[in-house]
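Derivation of every value follows stated rules applied to the coordinates shown; laboratory data play no part. Quantities reported herein were computed from a predicted structural model and do not represent experimental measurements. With ideal geometry, Cβ positions are generated from the backbone for all residues, glycine too; neighbour counts draw on all protein chains shown.
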Amino acid sequence: MPVLFIDCMSVLLFFIDGLGIGSRGISNPFDGLQDAAPLAVFKNEAPVTLDGVLAATDACLGIEGRPQSASGQTTILTGVNAPALLGYHKQGFPNKALLEIIREHSLFLKLKHAGVAPITFANAYTKRFFEDRPHWVSATTAAVGAAGLPFRTIDDLRNGRAVYQDFTNRMLIERGEDVPLRTANEAAEVLAAIAGESRFTLYEYFITDKIGHAQDMEAARTVLQNLALLIRQLLARVDLARTSVILTSDHGNIEDLSLRNHTLNEVPTIVWGANRDRIASRIKSLADITPAIVESLTEKATASG
Ligand SMILES: [Zn+2]
């Protein structure tokens, strides 16, 4: 452990797009799936969280309609109830109003202003992103850019210093990138190392939402099992005495493949390690995640839950 951080707590926020708390049944890929802990969380059942604390989290935020990615992710990353501000749930990428919220209130900025450092985004971006600088960017990309944080590259990934959102690298290889396939174990090792050097680390995973929209049961079961393995390997490698690992999602989707759409279900926020009870107890909706993280990293924290 670096001496510099000996008395400092840290947070690893693990974001999974489109993961809700569903009911059992033939449309739920988690039902009957082996080795799916801690991801498999069912309505009205005690969850198998592997020493984590579950906070069933409201993603609807008091606004009618199905929760969506742009407004949900903006809410997670800022603590501002973005759907309430817009009056609706915004799909896809943030619009001007959401970008303004992100640029002013992002978690990265709040931590930066509070002197919490280093803070980092663990995901790798491809060369195309840096060359084309796409007009439409995700809430996180906007937040990272606005806070002046560097983006990790494919070179970083090759050097064991970044994780792609598809942590197996399969999607990158299919696009012609010269990178090796990674096991869940290898990806966990890299992510744990990044988290070990930082006071706040964000990692994002999106394939769950894509598969939910595609309603592909076989792909869902394969991907969820491997994602659950990544998380278990990560928990085994992170120093939980000083680190809080927080898993969350922006809305339900993959837990109910009978629908092409997002669900109205709560999402599982699960907290492991340092301050887990305190952090979990204050999270009721997506808007509570940023304040809980800021609080735990800026207050004098204790290592006990
Ligand atoms: Zn989403």
(message) Using amide H atoms built in the peptide plane, which far-off residues or other-chain residues are under 5 Å from Gly252 H to H?
(response) Thr263, Asn265
(message) With a cut-off of 8 Å between alpha carbons and a minimum separation of six or more residues, what is the relative contact order of the chain in percent?
(response) 34 percent
(request) Name the residue, out of Ile293, Ile26, Ile254, whose mean-square fluctuation peaks in a Gaussian network model built on the chain with Cα pairs under 10 Å. (result) Ile26
(request) Report, by chain and number, residues whose modeled amide H sits under 5 Å from the one on Ser244, excluding near sequence neighbours (fewer than 5 apart, same chain). (result) Ser10, Val11, Leu12, Ala274
(request) Would you pull out the residues with amide H under 5 Å of Thr57's amide H, same chain only if 5 or more places away, H placed 1.01 Å from N? (result) Val267, Thr269
(message) With the crude spin-label approximation of a point 7 Å out along Cα→Cβ, what separation in nm comes out for Lys210 versus Lys43?
(response) 2.9 nm
(message) Testing the spin-label approximation: label points 7 Å from Cα along Cα→Cβ at Ala97 and Ser281. State their distance in nm.
(response) 3.6 nm
(message) Test of understanding: in a Gaussian network model of the chain with alpha carbons linked when under 10 Å, which of Ala114, Ala241, Ala192 would top the mean-square fluctuation ranking?
(response) Ala114
(request) Apply 1/(1 + (r/R0)^6) to the Cβ-Cβ distance of Asn261 and Leu181, taking R0 = 30 Å, and write down the FRET efficiency to the nearest 0.05. (result) 0.40
(message) Could you derive backbone 3J(HN,Hα) for the stretch 157-167 from the dihedral phi with the Karplus parameters 6.51, -1.76 and 1.60 (θ = phi - 60°), listing whole Hz in sequence and x where the residue is Gly or Pro?
(response) 4, 4, 8, x, 10, 6, 10, 7, 4, 7, 5
(request) Can you tell me how much longer the chain between Arg66 and Leu50 gets when fully stretched, taken as 0.36 nm per residue apart minus their C-alpha distance, in nm with one decimal? (result) 2.8 nm
(request) Name the shape class, rounded, prolate or oblate, that the alpha-carbon gyration tensor gives for the stretch 230-277, where a ≥ b ≥ c are the square roots of its eigenvalues, rounded holds for a/c under 1.5, and otherwise prolate holds if a/b is larger than b/c and oblate otherwise. (result) prolate
(request) With 10 Å bins from zero, work out the P(r) of the chain over every alpha carbon pair and list the percent per bin. (result) 6, 29, 39, 23, 3, 0
(request) Go ahead and estimate [θ] at 222 nm for the chain from helices alone: -39,500 (n - 2.57) per DSSP H run with n ≥ 4, summed, over the residue count, rounded to 500. (result) -10500 deg cm²/dmol
(request) Sticking to Cα atoms, compute the Rg of the stretch 160-305 to one decimal and its Dmax as the biggest Cα-Cα distance, whole number, in Å. (result) 16.4, 47
(message) When 1/r is averaged over all different Cα pairs and the result inverted, which Kirkwood radius in Å belongs to the stretch 6-96?
(response) 15.4 Å
(request) Please report Rg over Rh for the stretch 138-245, where both radii come from the alpha carbon positions and Rh follows the Kirkwood definition. (result) 0.96
(request) Select from the stretch 33-111 those chymotrypsin sites (Phe, Trp or Tyr not before Pro) which occupy a DSSP coil region and have at most 15 other Cβ atoms within 10 Å, ordered by residue number. (result) Tyr88
(request) Anything over 28 Å Cα to Cα? Flag those among Lys43/Lys96; Lys96/Lys210; Lys112/Lys210; Lys90/Lys284, in the order listed. (result) Lys43/Lys96; Lys112/Lys210
